[in-house]
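Notes follow the structure.
The values are calculated or read from the model by the stated rules, or taken from the named source; none is laboratory data. On a predicted model such as this, the values are computed, not experimentally measured, just so you know. Here Cβ is always computed from backbone atoms with ideal geometry, including for glycine, and neighbour counts include all displayed protein chains.
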Amino acid sequence: MKVNLNSAFLAFSLMFSMTLASQNTLNTLESSLKWEGKKITGSGHNGSLTFSDSEIKIGDDGNIISGVFTVDMTTLSCDDLTADSGKANLEGHLKSDDFFSVEKFNTATLTISSVENNNATGVLTIKDISHPIDFMLVKTKEGYKADLVFDRTKYNVKYASGNFFKNLGDKLILDEIELSAQLKLK
């Protein structure tokens, strides 16, 4: 509960302070968020999610200095499969309580508290569980590129994790999920 209260306070403080600097919002139609998860064998799946909202504070130098990004978890898709190869089944499984419990937790949030030399610091909230996170946020010609890795088990996503289940063999799913975002502002 303490982490969630701290996250709420941080988000409120960021939104309040945004009136003091340049504000922008994300162009959700032109921005993208890709994910990749892997098994112990090296195989895995990848897909995408959609941003639903954002509030971004831009510094005098034109760089993001803080912000809040909301992801619509109901848009979770698996892009490496087709309908014939089980796409709907995997997407349903990823949205189930085995993974992200999308019916109960339909959004995830990334709050950026600071950015220095392309190193962003903030809080990632998934399934109403918040943890600090550090990642790269780089300004590009098109907008910004962010790459981060998070440990899914910290957010109560334990299905086929070797830290919680034994003798999984080649069914073991690695705990690290890779995210890559292309951010375009309005």
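Details
Residue by residue, here is whether (1) at pLDDT 95 or above; (2) touching a strand residue (DSSP E or B) at 6+ places or on another chain (Cβ under 8 Å); (3) closer than 30 Å to ASN167 by Cα holds:
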| residue | (1), (2), (3) |
| --- | --- |
| PHE9 | no, no, no |
| GLU30 | yes, no, no |
| TRP35 | yes, yes, yes |
| THR70 | yes, yes, no |
| MET73 | yes, yes, no |
| SER77 | yes, yes, yes |
| LYS95 | yes, yes, yes |
| THR111 | yes, yes, no |
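Residues are listed down the side, and each one gets a yes or a no for (1) over 28 Å from VAL68 (Cβ atoms); (2) touching a helix residue (DSSP H, G or I) at 6+ places or on another chain (Cβ under 6 Å):
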| site | (1), (2) |
| --- | --- |
| ASP84 | yes, no |
| ASP97 | no, no |
| ILE112 | no, no |
| LEU124 | no, no |
| PHE164 | yes, no |
| LEU168 | yes, no |
| ASP175 | no, yes |
| LYS184 | no, no |
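- Single residue of region 45-62 satisfying the filter (over 14 Å from GLN23 (Cβ atoms) and in contact (Cβ under 8 Å) with a residue 12 or more places away in the chain) that is farthest from the chain's Cα centre (by Cα): HIS45
- Among the residues of region 38-69, the ones that are buried (at least 19 other Cβ atoms within 10 Å of the Cβ), of a type in the set (Val, Ile, Thr) and under 20 Å from ILE126 (Cβ atoms) come to 1 in all.
For every residue, the table says whether it meets (1) touching a strand residue (DSSP E or B) at 6+ places or on another chain (Cβ under 8 Å); (2) farther than 23 Å from LYS186 by Cβ; (3) in a strand (DSSP E or B).
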position: LEU137; (1), (2), (3): yes, no, yes
position: LYS141; (1), (2), (3): no, no, no
position: ALA146; (1), (2), (3): yes, no, yes
position: PHE150; (1), (2), (3): yes, yes, yes
position: THR153; (1), (2), (3): no, yes, no
position: PHE164; (1), (2), (3): no, yes, no
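- Residue within region 104-127 that is surrounded by fewer than 18 Cβ atoms within 10 Å (Cβ to Cβ), in a helix (DSSP H, G or I) and in contact with an Asp or Glu (Cβ under 8 Å, 6 or more places away or on another chain) present: no
- One residue alone among VAL149, VAL157 is surrounded by 16 or more Cβ atoms within 10 Å (Cβ to Cβ) and either farther than 14 Å from GLY67 by Cα or polar (S, T, N, Q) (or both), and that residue is VAL157.
- Given (1) more than 21 Å from GLU36 (Cβ to Cβ); (2) surrounded by fewer than 13 Cβ atoms within 10 Å (Cβ to Cβ), number of the condition THR140 does not satisfy: (1)
- Number of the exception - ALA88 against (1) in contact (Cβ under 8 Å) with a residue 40 or more places away in the chain; (2) over 26 Å from LEU26 (Cα atoms): (1)
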